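These notes are about the structure you will find just below.
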Amino acid sequence: MYQERNHIKVFVSSTVYDFESQLDMVYSTLDGYGYDVMMSHKGTIPLDSKLSNVENCLKGVEGCDVFLGFVRPLTGTGILKPEEKSITAQEFEVAFKVNMPRFVLADYRVVFARQFTNLMKIPTGDIPNSVKRERSDGSIVERPNRVVHAECIELYNAAIQNNTLPKSRKGNWVQEYRNMQDVMLHVEAQFKDVERIKQLIGSHE
């Protein structure tokens, strides 16, 4: 049963490719609780034609009350140069700077990749976004890295406040998930009680 609109703005940040149906479920659930869901995948972010896609998304984060972010294995869009960050990463940066309630979920593959690179002492900067392979005819083909991108591990580290002393960390809970059941369990547990969310917003003002 859908609840009355509470007009609390929830910004959902995530890469979209191969995650469309999952985002549809998240949107439907939050909308059902009465939230105003701001999600690029659904086209519900307020747009200004004078601004770029990146600027519209970042203004959307700044204008929301609550942030819900997904750390997925592959980098999303918005990167024009190799040294630039994706739109999703930039959205997370704004959310970290703004004093608002935030909830972050991370794909288990990102968590595993972080643990593995730490164990093997592999700098995240050494993870390539593409790999060149030689074919049997001697020609070279460049294939994209479809396992995990360095930016995603760095984003996870930022979310858990990896560079902060454990006793000083606040707001560093990141929920690992393996499937959509895990995602929905966390989303429902955090957002079902609208009055609690209102209290969280008030405590961050």
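Against the criterion of being part of a helix (DSSP H, G or I), in contact with a Ser or Thr (Cβ under 8 Å, 6 or more places away or on another chain), modelled with pLDDT of 90 or more and open to solvent by less than 70 Å² (accessible area, probe 1.4 Å), residue 187 qualifies. I want to confirm something. Restricting to the stretch 190-205 and keeping residues that are under 18 Å from residue 36 (Cα atoms) and not in a helix (DSSP H, G or I), which single residue is most open to solvent (accessible area, probe 1.4 Å)? So the residue we want is 192. Would you confirm, using the coordinates I've provided, whether residue 175 is under 16 Å from residue 69 (Cβ atoms), of a type outside the set (Asp, Glu), out of contact with any Lys or Arg (no Cβ under 8 Å at 6 or more places or on another chain) and outside any helix (DSSP H, G or I)? When the stated conditions are applied, residue 175 passes them.
No other residue among 163, 157, 99 is under 27 Å from residue 191 (Cβ atoms) and surrounded by fewer than 13 Cβ atoms within 10 Å (Cβ to Cβ) apart from 99.
Residue pairs whose Cβ atoms lie under 7 Å apart, sitting 6 or more positions apart in sequence or on different chains, and linking a residue in the stretch 116-145 that is free of Cβ contacts under 8 Å to residues at least 12 places away in the same chain and open to solvent by less than 70 Å² (accessible area, probe 1.4 Å) to a partner that is in a loop (DSSP other than H, G, I, E, B) and among the small types (Gly, Ala, Ser), do not occur here.
Against the test of being of a type in the set (A, V, I, L, M), in contact with an Asp or Glu (Cβ under 8 Å, 6 or more places away or on another chain), buried (at least 21 other Cβ atoms within 10 Å of the Cβ) and within 15 Å of residue 12 (Cβ to Cβ), the options 94, 71 yield a single qualifying residue, 71.
The values are calculated or read from the model by the stated rules, or taken from the named source; none is laboratory data. Just so you know, these numbers come straight off a predicted model, no measurement behind them. Reconstructed Cβ throughout: ideal geometry from the backbone, glycine too, with neighbour counts over all protein chains shown. Just so you know, the surface numbers come from the protein's heavy atoms only, side chains and all, with ligands and any DNA or RNA stripped out. Shrake-Rupley method; radii C 1.70, N 1.55, O 1.52, S 1.80 Å.
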